[in-house]
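Participant: Just passing along the structure, written as structure tokens.
The values are calculated or read from the model by the stated rules, or taken from the named source; none is laboratory data. The structure presented is a predicted model; accordingly, all values stated were derived computationally and were not measured. Note that we place each Cβ from the backbone using ideal geometry, even for glycine, and neighbour counts take in every protein chain shown. Remember, those area values only see protein heavy atoms, side chains included, never the ligands or the DNA or RNA. Shrake-Rupley method; radii C 1.70, N 1.55, O 1.52, S 1.80 Å.
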Amino acid sequence: MIGAFHQPQCVIADTRTLATLPDRELSAGLAEVIKYGLIRDLAFLAWLEGNMEALLARDPDALAFVIERSCINKAQVVAQDERESGVRATLNLGHTFAHAIETGTGYGTYLHGEAVAIGCCQAADLSRRLDRISADDLERIVALFRRAALPVIPPRELNARRYLDLMATDKKNRSGELRLIILQRIGQASLPVSVDRGLLEATLNEYGRN
Ligand SMILES: [Zn+2]
């Protein structure tokens, strides 16, 4: 909950370190990669749809491309907004839901990326209810997370009431009002917005619940 900032002197990305990473951890990392496509890089999202098998097989060229493209996307966002006053918040797509999942299930059931995958699907479901994306877009987004071997269905034990309690502590909230990142369209996130409570409850009660 405390924001701390210190810039690194350099960043080294050595794809060979991924060779021993368990498949589940690799997929968890891909959740944040898919997130970049969703929030600001539709061409990247399409590339991921065409290359998910190569990524899961740890093709070195595919991994190198994905890491570079993710770093470029993050660097561009952070350079615009070093202290998270505006556009940087878009990196939090799905994370308000994800933090509720992680806290509500006791930080042991889901890896962070797994919770983010579910959270991005919930954010996409809410975006559809707000008429920002189509039902086909929502299906497309959920399908890509599934193909990355990630969970897309929220945990049974978290009902809407509990979700709302857990989401109430998010740092994007202002004077008690819940604020979320949604999709303006597929490939473009909104800044934090306060959303209609009824629609949010509909997502929490209905998405992945049948
Ligand atoms: Zn994250």
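Participant: Kindly indicate whether any position in segment 134-147 is more than 18 Å from the chain's Cα centre (by Cα) and part of a helix (DSSP H, G or I).
Facilitator: As a first pass, look at segment 134-147 and keep what is more than 18 Å from the chain's Cα centre (by Cα): 134-136.
Among the residues that remain, those that are also part of a helix (DSSP H, G or I) are: 135-136.
So far as segment 134-147 goes, yes, one or more of its residues are more than 18 Å from the chain's Cα centre (by Cα) and part of a helix (DSSP H, G or I).
Participant: Which ones in segment 33-51 are under 17 Å from the mean Cα position of the chain (by Cα) and either surrounded by 16 or more Cβ atoms within 10 Å (Cβ to Cβ) or among the β-branched types (V, I, T) (or both)?
Facilitator: V33, I34, K35, Y36, G37, L38, I39, R40, D41, F44, L45, L48
Participant: Within segment 104-123, take every residue that is more than 14 Å from the ligand (Cβ to nearest atom) and out of contact with any Gly (no Cβ under 8 Å at 6 or more places or on another chain) and give me the one that is modelled with the lowest pLDDT. Please lay out each step first, then the result.
Facilitator: Restricting attention to segment 104-123, the residues satisfying the condition of being more than 14 Å from the ligand (Cβ to nearest atom) are 104-106, 108-109, 121-122.
Now restrict to residues that are out of contact with any Gly (no Cβ under 8 Å at 6 or more places or on another chain): 104-106, 108-109.
Details: G104: 95, T105: 95, G106: 92, G108: 88, T109: 94.
Applying the filter and picking the extreme gives G108.
Participant: For A54, indicate whether it is away from the ligand (no atom under 16 Å from the Cβ), open to solvent by 40 Å² or more (accessible area, probe 1.4 Å) and not basic (K, R).
Facilitator: no
Participant: Kindly list, by first and then second residue, each pair from a residue in segment 54-80 that is over 22 Å from A149 (Cα atoms) and touching a residue at least 24 places away in the same chain (Cβ under 8 Å) to a residue that is open to solvent by less than 30 Å² (accessible area, probe 1.4 Å) and not in a helix (DSSP H, G or I), limited to pairs with Cβ atoms under 7 Å and residues at least 6 apart or on different chains.
Facilitator: N73/D41
Participant: How many residues does segment 86-100 hold that are open to solvent by less than 10 Å² (accessible area, probe 1.4 Å), within 12 Å of the ligand (Cβ to nearest atom) and within 15 Å of L166 (Cα to Cα)?
Facilitator: 4
Participant: Another one. Considering E177, E206, E139, E157, which residue is closer than 14 Å to A100 by Cβ and either at pLDDT 95 or above or open to solvent by 50 Å² or more (accessible area, probe 1.4 Å) (or both)?
Facilitator: Going through E177, E206, E139, E157 in turn, the sole match is E157.
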